[in-house]
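Here's the structure we're looking at; comments come further down.
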Amino acid sequence: MRIALFITCFNDTLYPSTGRAVVRLLERLGHTVEFPVGQTCCGQMHFNTGYRPEALPLVRRFAEVFAGYDAVVSPSASCVGMVRDSHRVVAGQYGDPGLCAAVDAVAPRVYELSEFLVDVLGVSDVGAFYPHKVAYHPTCHSLRMLRVGDKPLRLLRAVRGIELVELAQADSCCGFGGTFALKNAGTSVAMLEDKMRCVGESGAQVLSAADNSCLMHIGGGLHRLRSGVRVVHLAEILAATGEGPA
Amino acid sequence: MNSRHSVLDRVRRALADVPAQETPEDVVVGRDYLRSHAGADIVTQFAERVADYQARVVRVTADGAPGAIAALLGERGVRELVVPVGFPGELLPPGPWKSLVDEPPLGLAAVEAADAVITTAALGIAVTGTLVLDAGPGQGRRMLSLLPDYHLCVVRQEQIVGDVPGALALLDPARPLTFVSGPSATSDIELDRVEGVHGPRTLHVLIIATAPAPEQP
Amino acid sequence: MTTTPNGLVWLDTPAFPRAARAALADTALRANLKHATGTIRDKRLAVTGELTDWEQLRDAGAALKRRTLRHLDRYLVELEASVTRAGGTVHWAGDAAEANRIVAGLVEATGECEVVKVKSMATQEIGLNEALAEAGITAYETDLAELIVQLGRDRPSHILVPAIHRNRGEIREIFRREMGRWGRPAPDDLTDDPRALAEAARLHLREKFLRAKVAVSGANFAIAATGTVGVVESEGNGRMCLTLPRTLITVMGIEKVLPLWSDLEVFLQLLPRSSTGERMNPYTSTWTGITPGDGPRDFHLVLLDNGRTATLADTVGRQALACIRCSACLNVCPVYERTGGHAYGSVYPGPIGAVLTPQLVGVEHAASLPFASTLCGACYDACPVKINIPEVLAHLRAEVVEHKRRTHTLPSAEALVMKAAAGVLATPRRLAAAQKAAALAGRLVARDGGIGRLPGPLHGWTDTRDTPQPPAETFRGWWHKNREQS
């Protein structure tokens, strides 16, 4: 199986540790990961802000760069959602039949990490060790767009040493919403407040999720408050073995 | 160009993407939802669901019906009882109340002054605890079961159906229909459900059991 | 659409972000909304959870709406014939002004100068009460919440419970101050107990019901095959308005038509459970034309366009017309829960309002609404007719941007950022160069590995959140060094 990593522009720049974790994890499970260096971005920011024509070249590049792989794995549910749900829309609206066909060939093979591990590789115990108290925030894209269900939790439950704690109102949106955090900062913060309160009440030392965008938002608030709670991407927990960075 | 023409014209132009040969039936509607969610004992379920709405439910046999009605009306202290045309006379016992039969039709003031109304029903729906009135004999003009503050509704066991789909199939949409699920209520004040704004604030339902089939000799 | 009907969009409400700020600071409103939406959410989950075929019902509801909308002209013509055959009269209104003229004319023809009203967001949308007032006709709202809004000279803030922004103390004050001006005054010793308030409303409105000769209603649905119109309600004011007056005028959006009587079996299950979280609402009334001796002698059905055909023309956006006005989306929306309905500046607030209002009035008149969302998708999950609200929101955002591009009104800062970002993301080399620049900039403003408060355009973020310093080595930098085949 030819597996490509779609790191996402966001993780590439701000959370390279998450990308390294995905690579190490998949290699540990016996797979070779390729990183097509021509990749840049899925176009989500432009698309969600209403700048669809600007997303077209990004859609085209994605379809070209990831053509021919059996699976494209990404540690970002929102970016995977963008590719699977919206690349075809952009291609149809602004592209050409050739691009539509290219998108149709690639998009179904793009997986968020927990989907890939559980559905494609058929594993839920990835041999991880992470002796911390962890709460899991199901991000809206993974929960409602990709419908990953309980896959992330199944993966986390199999981690040795972990203590998973319940997060109240887990399904509630954290308030990030991309440019929403800037355009509607007041409402974004009001939602963040409630999410942070639930994190605090959970007693967790670590908050994890399938998207670093949400974690940056929640973690940013937690850090500002000097709450003592860290945010760690799901991939990094699953990659942790007690040897090497967690 | 009048508005009927221009609105319809705009509708048609808006639907230019719909193929001309497509019929409404070509838009597939899956009908794999359940015809009924009712349990095995729909009469008991009906009684329970009606009671859930703070409506009192009494179950009687046919023989016991007039007595039960008399007791309910007596307990309520009814003075003037509105009786729709066609209400079964044998069900209504004599009593201290004045019966106001809607023949000739009662005036608004008379119905407003009355403190109770008794009706039959077109059917009952078990899953939702709903009574449906269709303005037929025994149920009367809609106004009659609306103004008095107490509504006693008499329904026979065999009139109870399991769920909404079955009920709609039995009802005649050409008739004015009133679906009643409990007394009137509002949740507009801080979402506190408060019984009784307009419409009868007290609803009692009498279920008359079906007489058992006679023993074969 | 030459003018914005200011019944639908309140021109004095600022754009959503600013309107929301005021609402967010209103702690009483926040508490009311949290309690209210949380309560209904739980009830809705309980009663929909009871039905094992809930998803199949949703599918059927969505499909029936799709069937209806794709053949709307045929069903409207059929409805008109059915209603007419049953003794009713059908009128067609292209826009709000026309609808108001029709209704005012019908009322004037009766010689009455008072009407009672029930259950009609459509009449709020067209600003009917104001138009009738100008014609010397007083319209009395009879839904308890609409009464509270009318007496309080206020605006509705929720589709189902329009006075949700008022707590019991405020309602008591409104009743005490205003009821006497409109009719029977509230009792002097009126308390704020909901039961007492409901009783005051009952007495105040009773005399209006008994006196009314003309009623104006909305409709939850109208069946094309039979001409049957229906109102789904709780309080009984619907029954009062639909049966006591001589003349009934129903204003209904054209999208509310349904093909067959039997199709109601789906919607009478979807609507009560999704809206008030009950197995069935207290009263549903259906009528077909005129029934001699029972109810109104004259029945008029006013079919309202007012932007619905424009919405229908948008193949992505038209699904918003499937809405059955249950308000489930409002009650699950994290944004609505915190800002309330007034911040949306429209008769239709919340998620459905954010996709319907811009389409009814034109995106340029409601440009901030499609952005009043994180696209979390909770609304789509809750919608009984499966309107993909996030999809329509994203679609309308693009429409807003395209409109601004055409009219050269794109906010320059935003457009520049989008353009610059597109340029940077065009090739890996440019991205790498920008990443280097970001790492450098990060080093300049970061302390102890993090970025704190910053002035300037990013302050909206940095006012409340720390940001990690961009690491010196990007992922692709690491890959190049550690994994790439040379």
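The values are calculated or read from the model by the stated rules, or taken from the named source; none is laboratory data. Model, not experiment: these values are computed from the prediction. Reconstructed Cβ throughout: ideal geometry from the backbone, glycine too, with neighbour counts over all protein chains shown.
If I filter the stretch C:257-280 down to residues being under 16 Å from B:Ala169 (Cβ atoms) and part of a loop (DSSP other than H, G, I, E, B), which single residue comes out as farthest from the other protein chains (Cβ to nearest Cβ)?
Here the answer is C:Leu260.
Can you list residue pairs whose Cβ atoms sit under 9 Å apart, with the first residue in the stretch C:53-72 being facing chain B (nearest Cβ under 7 Å) and the second being buried (at least 22 other Cβ atoms within 10 Å of the Cβ) and of a type in the set (S, T, N, Q)? Count only pairs 6 or more apart in sequence or on different chains.
From the stretch C:53-72, the pairs are C:Leu57/C:Gln269; C:Arg66/C:Gln319; C:Leu72/C:Thr309.
From the list C:Ser327, C:Ser234, exactly one residue is at the interface with chain B (Cβ under 8 Å from one of its Cβ atoms), among the small types (Gly, Ala, Ser) and buried (at least 24 other Cβ atoms within 10 Å of the Cβ). Which is it?
C:Ser234
Are there helices (runs of 4 or more DSSP H) fully within the stretch A:127-246 with at least 2 residues that are within 14 Å of chain C (Cβ to nearest Cβ)? List them.
A:180-183, A:185-202, A:212-224, A:234-239
Restricting the search to the stretch B:78-107, which residues are basic (Lys, Arg), in contact with a strand residue (DSSP E or B) (Cβ under 6 Å, 6 or more places away or on another chain) and assigned to a loop (DSSP other than H, G, I, E, B)?
none
Among A:Gln93, A:Gln39, which is the only one that is polar (S, T, N, Q) and under 21 Å from C:Pro470 (Cα atoms)?
A:Gln39
Restricting to the stretch A:97-136, name every residue that is surrounded by fewer than 15 Cβ atoms within 10 Å (Cβ to Cβ), of a type in the set (D, E, K, R) and more than 12 Å from A:Leu155 (Cβ to Cβ).
Passing the criteria: A:Asp104, A:Lys133.
Under 9 Å between Cβ atoms, which residue pairs at least 6 apart in sequence (or on different chains) link something in the stretch C:124-143 that is closer than 15 Å to C:Val251 by Cα with a partner that is in a loop (DSSP other than H, G, I, E, B) and polar (S, T, N, Q)?
C:Glu125/C:Asn306; C:Ile126/C:Asn306; C:Gly127/C:Asn6; C:Leu128/C:Ser120
If you go through the stretch C:374-387 one residue at a time, how many are within 12 Å of chain A (Cβ to nearest Cβ) and either surrounded by fewer than 24 Cβ atoms within 10 Å (Cβ to Cβ) or over 14 Å from the mean Cα position of the chain (by Cα) (or both)?
Result for the stretch C:374-387: 8.
Residues in the stretch C:120-169 that are touching a Gly at 6+ places or on another chain (Cβ under 9 Å), more than 14 Å from every other protein chain (Cβ to nearest Cβ) and among the hydroxyl-bearing types (Ser, Thr, Tyr): how many?
2
So, restricting to strands (runs of 3 or more DSSP E) that lie completely within the stretch C:200-256, which ones have at least 1 residues that are in the same structural domain as C:Ser120 (by TED's automatic domain parsing) and at pLDDT below 95? Steps first, please.
On the way: elements: C:214-217, C:221-223, C:228-233, C:247-253.
So the answer is C:228-233.
Identify, from the list C:Arg41, C:Arg21, C:Arg85, the residue that is out of contact with any His (no Cβ under 6 Å at 6 or more places or on another chain), surrounded by fewer than 19 Cβ atoms within 10 Å (Cβ to Cβ), more than 9 Å from every other protein chain (Cβ to nearest Cβ) and at pLDDT below 95.
On the way: C:Arg21 fails: more than 9 Å from every other protein chain (Cβ to nearest Cβ); C:Arg85 fails: at pLDDT below 95.
So the residue among C:Arg41, C:Arg21, C:Arg85 that is out of contact with any His (no Cβ under 6 Å at 6 or more places or on another chain), surrounded by fewer than 19 Cβ atoms within 10 Å (Cβ to Cβ), more than 9 Å from every other protein chain (Cβ to nearest Cβ) and at pLDDT below 95 is C:Arg41.
Are any residues in the stretch C:97-136 polar (S, T, N, Q) and more than 23 Å from the chain's Cα centre (by Cα), and if so, which ones?
Correct list: C:Thr110 only.
From the list A:Val80, A:Val37, A:Val90, pick out the single residue that is at the interface with chain C (Cβ under 10 Å from one of its Cβ atoms) and surrounded by 24 or more Cβ atoms within 10 Å (Cβ to Cβ). Break it down stepwise before answering.
Values: A:Val80 fails: at the interface with chain C (Cβ under 10 Å from one of its Cβ atoms); A:Val37 fails: surrounded by 24 or more Cβ atoms within 10 Å (Cβ to Cβ).
Just a single option satisfies the conditions, and that option is A:Val90.
When you scan the stretch C:453-478, how many residues do you find that are assigned to a loop (DSSP other than H, G, I, E, B) and either in contact (Cβ under 8 Å) with a residue 40 or more places away in the chain or at the interface with chain A (Cβ under 7 Å from one of its Cβ atoms) (or both)?
8
Select from the stretch A:12-33 the residues that are more than 22 Å from A:His217 (Cα to Cα) and either at the interface with chain C (Cβ under 9 Å from one of its Cβ atoms) or basic (Lys, Arg) (or both) and list them in ascending order.
A:Val23, A:Arg24, A:Arg28, A:Val33
Between a first residue in the stretch B:96-108 that is of a type in the set (D, E, K, R) and a second residue that is surrounded by 11 or more Cβ atoms within 10 Å (Cβ to Cβ) and not in a loop (DSSP other than H, G, I, E, B), which pairs have beta carbons less than 8 Å apart while being 6 or more apart in sequence or on different chains?
What qualifies is B:Lys98/B:Glu80; B:Lys98/B:Leu81; B:Asp102/B:Val82; B:Asp102/B:Val83; B:Asp102/B:Leu144.
Can you pull out the residues in the stretch C:286-299 that are surrounded by 24 or more Cβ atoms within 10 Å (Cβ to Cβ) and facing chain B (nearest Cβ under 8 Å)?
Those that are surrounded by 24 or more Cβ atoms within 10 Å (Cβ to Cβ) and facing chain B (nearest Cβ under 8 Å): C:Thr286, C:Trp287, C:Thr288.
When you look at B:Pro212, is it under 22 Å from B:Phe87 (Cβ atoms), more than 9 Å from chain C (Cβ to nearest Cβ), part of a loop (DSSP other than H, G, I, E, B) and of a type outside the set (A, V, I, L, M), yes or no?
Values: under 22 Å from B:Phe87 (Cβ atoms): no; more than 9 Å from chain C (Cβ to nearest Cβ): yes; part of a loop (DSSP other than H, G, I, E, B): yes; of a type outside the set (A, V, I, L, M): yes.
So B:Pro212 does not fit the description; no.
Mind checking which residues of the stretch C:195-210 are within 8 Å of chain B (Cβ to nearest Cβ) and within 13 Å of C:Ile148 (Cα to Cα)?
Residues satisfying the conditions are C:Leu197, C:Ala198, C:Ala201, C:Arg202, C:Leu205.
On the given criteria, is C:Ala97 surrounded by fewer than 19 Cβ atoms within 10 Å (Cβ to Cβ) and in contact with a helix residue (DSSP H, G or I) (Cβ under 9 Å, 6 or more places away or on another chain)?
yes
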